[in-house]
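First the structure, in the form of C-alpha cells, and then the observations on it.
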Amino acid sequence: MNFIKLCRFFGIDGDVGEIKKLNNGHINATYKLTVEENGGEQLYIVQRINKYVFKDPKVLMKNVTSVTEFIKEKYLSMSVDPDRKVLEFLKSENGESCYYDDDNYYRCYKFVDRSVTYELPDSNELLENLGYAIGNFHYMLSDFNTKQLNETIPDFHNTEKRLSDLYAAVEKDPFGRAQKAMDDVLKFRKNESEILKLSSLDLPSRVVHNDPKCNNVLFDEQSNEILALIDLDTVMPGLAAHDFGDAVRSACNSCKEDEKDYSLVSLDLDKFKAFTKGYIKKAGNFLSEKEKNSLALGVYTLACELSARFLTDYILGDVYFTKDYGMHNLVRARSQLAFAEDVYKKLPEMNRIVSEICM
Ligand code: ADP
Ligand code: GN1
Ligand code: MG
C-alpha cells in the first residue's frame, strides 16, 4: 500500500514519517501515521476496510460520515466544541471518503490527540465514564433519521440467525473442526430459548453503535474523560440492550475476552454497577421501563451471540475475525460462553442493581 499516494488523494501534502500498525481491532487493518505538516507533526489514522466483512465500502462510508457529521452539528448546536468528541474523516478533492488501490478500500481520519483505549478498564471511574459515553451516544443519535442508514452488515444482532449460522457451519464442517466444538454447540441448543429471549421482547428500535466494546471508545489519557466513540461501521437501528450488553461483556469481565483459563472468567458486579450508573445518568431520561428491564438480559444475550459467532468462525476456518494463533477463535468462543454462564447466574442481582440505580 502506497501511503504517500493515499495522503495526496486526501489532500495531505506533508512528509509521511512513522507508520505504526495498531493491532487491537479484530476487523480492519489500522495504521497510525505521523506526517510533518506546516512545521508541526499531524497524526492520522488510515484504515483498510475489511472487504470480507463489508461488501460495499462506499455505502459504509456514507453511513459513517453522515453519523459523524450529524453528531458534530449537534454538539455545535449545544455550543459544545466537537473537537476530539467525534471522528473527522478526510475527503478527496472530489468529495470521496474512500481511496481505492485496485484491491482494497482505505479511509483516513484524524487521530484523536492524547487519547487512549482500554481493553479492560480497571477503575470504577473509567467504567462509569464508559457507561455515560454509551448513554450519551444513544442520546446524540435519538433524532437521527434512520432512512439515511444502510444496513452495512445484514442481521448483525439477529441472534436467531447467528445460532442458525452456527448450526449450518456444523453441518458444512469444511475443515473437520466441528467435532471439537460439539460440546459447546450442544450448550447453545440446550439454552436456545434463554438466548433468544431478548429478541422476543418486542423492544423499540433505536440508532445504536452495535459494537461498543471498550476499545471502541476513546478516553483522554490524562483526565479519563470520554472523547469520541470510534469504529462506527455498524451504527444501525438496534436495541439499547445490544449496546449496553456488548459494552458490559467487554468491560466488566474480570478477564480479557480471550482468557484461556475459563475458570477465571466472571462478571465483576462492582464494575457492572459503576457502568450502569454512568449509562443510566444519561439514558435513564429517555429509555422506557421495558427497555431498562431488558438491559441485564442484553449482557447474557450478547455474550452468547458473540460466542456463537467466534465458534462459527472457528468451524469455517477463521475467515472473519483476525486471530493470533490457531485455536484463537475456539478459545474466544469458550471464554465468552463461560462469561455468559456466569452472567446467567448473576442476572437476578444485575436486575436488582439496574432497578436500584433507575429509582
Ligand atoms: P477495528 O474495526 O479493526 O476494531 P478500530 O476502528 O476499532 O478498528 O480501530 C482499531 C484501534 O485503533 C482502536 O481500538 C483504537 O485504539 C485505535 N484508533 C482508531 N481510530 C482512532 C482515532 N481516531 N484516534 C485514536 N486512536 C484510534
Ligand atoms: C469485532 O471491530 P472490533 O474488533 O471492534 C466485531 C464485534 C465483536 C468484537 C469482539 C464488525 O469488533 O461485533 O463483538 O470484534 N465487529 C464486527 O471482540 O464484526
Ligand atoms: Mg474496533
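Worth pointing out:
- Taking 334, 309 and counting other C-beta atoms within 10 Å, the order from fewest to most: 309, 334
- Whole-Hz Karplus values for the range 13-25 come out as 9, x, 7, 7, x, 5, 10, 10, 7, 9, 10, 8, x Hz, taken residue by residue from phi with 6.51 cos²θ - 1.76 cosθ + 1.60 and θ = phi - 60°; glycine and proline positions read x.
- Put in order of Cβ neighbour count within 10 Å, fewest first, the listed residues 358, 255, 214 become 358, 255, 214.
- Taking other Cβ atoms within 10 Å as a rough exposure proxy, 205, 254, 335 sort from fewest to most as 205, 254, 335.
- Per-residue ³J(HN,Hα) for the range 137-146, Karplus 6.51 cos²θ - 1.76 cosθ + 1.60, θ = phi - 60°, Hz, x for Gly and Pro: 4, 4, 5, 4, 9, 5, 10, 6, 6, 5
- Separation of alpha-carbon centers, the range 285-359 and the range 111-128, rounded to whole Å: 21 Å
- For the chain, adding -39500 (n - 2.57) for each run of n ≥ 4 DSSP H residues and dividing by the number of residues yields -14500 deg cm²/dmol at 222 nm.
- Taking the C-alpha atoms of the chain, convex hull volume expressed per residue in Å³: 145 Å³
- In straight-distance terms, cross-link reach from residue 51 covers every one of the lysines whose alpha-carbon lies under 17 Å from its own, apart from those fewer than eight places away in the same chain; here that gives 62, 323.
- Gap separating the Cα centres of the range 244-259 and the range 1-67, nearest whole Å: 28 Å
- For the range 68-78, 3J(HN,Hα) per residue [Karplus equation, 6.51 cos²θ - 1.76 cosθ + 1.60, θ = phi - 60°, Hz, x = Gly/Pro]: 5, 5, 5, 5, 4, 4, 5, 4, 4, 5, 8
- For residue 105, the amide hydrogen comes within under 5 Å of the amide hydrogens of 49, counting only partners 5 or more places away or on other chains and with H modelled in the peptide plane.
Readers should treat all values here as calculations from the given coordinates under stated rules, not as data from a laboratory. Owing to the predicted nature of the structure, the values given are computational and were not obtained by experimental measurement. All Cβ positions, glycine included, derive from the backbone under ideal geometry; neighbour counts span all protein chains shown.
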